[in-house]
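Novice: Let me give you the structure first, and then I'll get to my questions.
The values are calculated or read from the model by the stated rules, or taken from the named source; none is laboratory data. Values in this document were obtained by computation on a predicted structure and should not be read as measured data. In this analysis, Cβ positions are derived from the backbone assuming ideal geometry, glycine residues included, and neighbour counts consider all displayed protein chains. With ligands, DNA and RNA removed, areas are computed over all heavy atoms of the protein, side chains included. Shrake-Rupley method; radii C 1.70, N 1.55, O 1.52, S 1.80 Å.
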Amino acid sequence: MKLFNLDSPLMQALSRVADIMLLNVLTFICCIPIVTAGASFTAMHYMCLKMVRNEETYLVRGFFKSFKENFGQATVIWLIQLVVFFILGYDFFIMYSSEEGLNIVLQVLIFIVTILALLTSSFVYPVLARFVNTVPRTIKNALFVSIMQLPKAILNIILSAVPIFLALYLPQVIPLVLFFGFALPAYLHAKLYNKFFKKLEDRVMEEMGPAEPVADPDAEDERI
């Protein structure tokens, strides 16, 4: 039956679901040491963009290729995120648990910083996975991209939060979260920002000029 041909829409959809499931499991396992979570998220976004663009590659090999290439910067960014959100979490704890509360100006400032931190986080790993830059410039560019793509950044924050709320309030769906909770939101997010990233890539490539051929394509850093 044509329905079960390898090239049929059904089989392609099932193949994509299997890829997302495998990518989610890889991401989850590589997040377990905690300190490696940043590199794991970067590799996940790298592969999600590959899948959205239908760029054929071996998923596991591609994942660990990006994991290795971006480990240092991704870890620094991840640690910065942990510190920032820990401080913000403590500020919110003081804000709502203290009888005296905080000055209204401080409360507004905390909310603004929280919003900026969430927006930056929504794009920092996709930006790191695709573009070569310093850590400060990567964070700055992620904030810039999130503002330029504000509705998509907000939607990504919501998509990323849904599995967390499901796991907290509907424990029976935890197995689904373990298989799809990281990679599915990232895949949907990649579909949203793909066209915008393509425009950025074309602009950067025009500024850089033609690239020299690489002897070993598998060893090539595909970021620009």
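Novice: Net charge near Asn133: determine it from the other residues with C-beta under 12 Å of the C-beta of Asn133, scoring Lys and Arg +1 and Asp and Glu -1. Please report the intermediate quantities before stating the final value.
Specialist: Values: positive: Arg130, Arg137, Lys140, Arg223; negative: none.
Neighbourhood net charge equals +4.
Novice: At 0.36 nm per residue, minus the direct Cα-Cα distance, what do Phe71 and Asn133 gain on full extension? Give it in nm, one decimal, please. Intermediate results must be reported in sequence, preceding the final value.
Specialist: On the way: separation 62, 0.36 × 62 = 22.32 nm, distance 1.35 nm.
Length difference between fully extended and current span is 21.0 nm.
Novice: Within the accessible area of the chain, what % is carbon and sulfur when the probe is 1.4 Å and the other protein chains stay in place?
Specialist: C and S fraction of accessible area: 71 percent.
Novice: Would you work out the charge dipole size for the chain about its Cα centre, treating the Cβ of every Lys and Arg as +1 and the Cβ of every Asp and Glu as -1, and quote it to the nearest 20 debye?
Specialist: For the chain, the charge dipole is close to 440 debye.
Novice: Roughly speaking, what is the stretch gain from Ala161 to Phe144, that is 0.36 nm per residue apart minus the C-alpha to C-alpha distance, in nm to one decimal?
Specialist: Taking Ala161 through Phe144 to full extension adds about 3.9 nm, to one decimal.
Novice: Moving on. Quote the accessible area belonging to Phe93 in square angstrom, nearest 10, computed with a 1.4 Å probe and with ligands, DNA and RNA left uncounted.
Specialist: It works out to around 130 Å².
Novice: Angle check, please: helix 183-208 long axis (alpha carbons) against the longest principal axis of the chain (alpha carbons), in degrees 0 to 90, nearest 10.
Specialist: 80
Novice: Considering the dipole of the range 26-139 built from charges on the beta carbon (Lys and Arg +1, Asp and Glu -1) around the Cα centre, which of Tyr58, Gly72, Tyr90 is farthest to its positive end?
Specialist: Projecting each Cα onto the dipole axis, the largest value belongs to Tyr58.
Novice: Rounded to the nearest 0.05, what FRET efficiency do Leu178 and Asp202 give with R0 = 41 Å and r taken as the Cβ-Cβ distance? Could you check?
Specialist: Efficiency computed from Cβ-Cβ geometry: 0.65.
Novice: Could you let me know the centre-to-centre spacing of the range 1-71 and the range 75-147, using Cα atoms, in angstrom?
Specialist: Cα centres, the range 1-71 to the range 75-147: 27 Å.
Novice: What is the list of residues in the range 58-81 whose amide nitrogen lies under 14 Å from a point 7 angstrom out from the Cα of Phe93, following Cα to Cβ?
Specialist: Taking a point 7 Å out along Cα→Cβ of Phe93, no residue of the range 58-81 has its backbone N under 14 Å.
Novice: A further question on this structure: Summing +1 for each Lys or Arg and -1 for each Asp or Glu, what net charge is found among the other residues whose Cβ lies under 14 Å from the Cβ of Gln73? Spell out each step's value before the answer.
Specialist: Details: positive: Lys68, Arg130, Arg137, Lys140, Arg223; negative: Glu69, Asp221.
Net local charge, Gln73 excluded: +3.
Novice: What accessible area per residue, rounded to a whole number of Å², is obtained for the chain using a probe radius of 1.4 Å?
Specialist: Details: 13620 Å² over 224 residues.
Computed with neighbouring chains in place, this is 61 Å² per residue.
Novice: In addition: Using the crude model of +1 on Lys and Arg Cβ and -1 on Asp and Glu Cβ, and no other charge, please compute the dipole size for the range 55-137 relative to its Cα centre, in debye to 20.
Specialist: Rounded to the nearest 20 debye, it is 460 debye.
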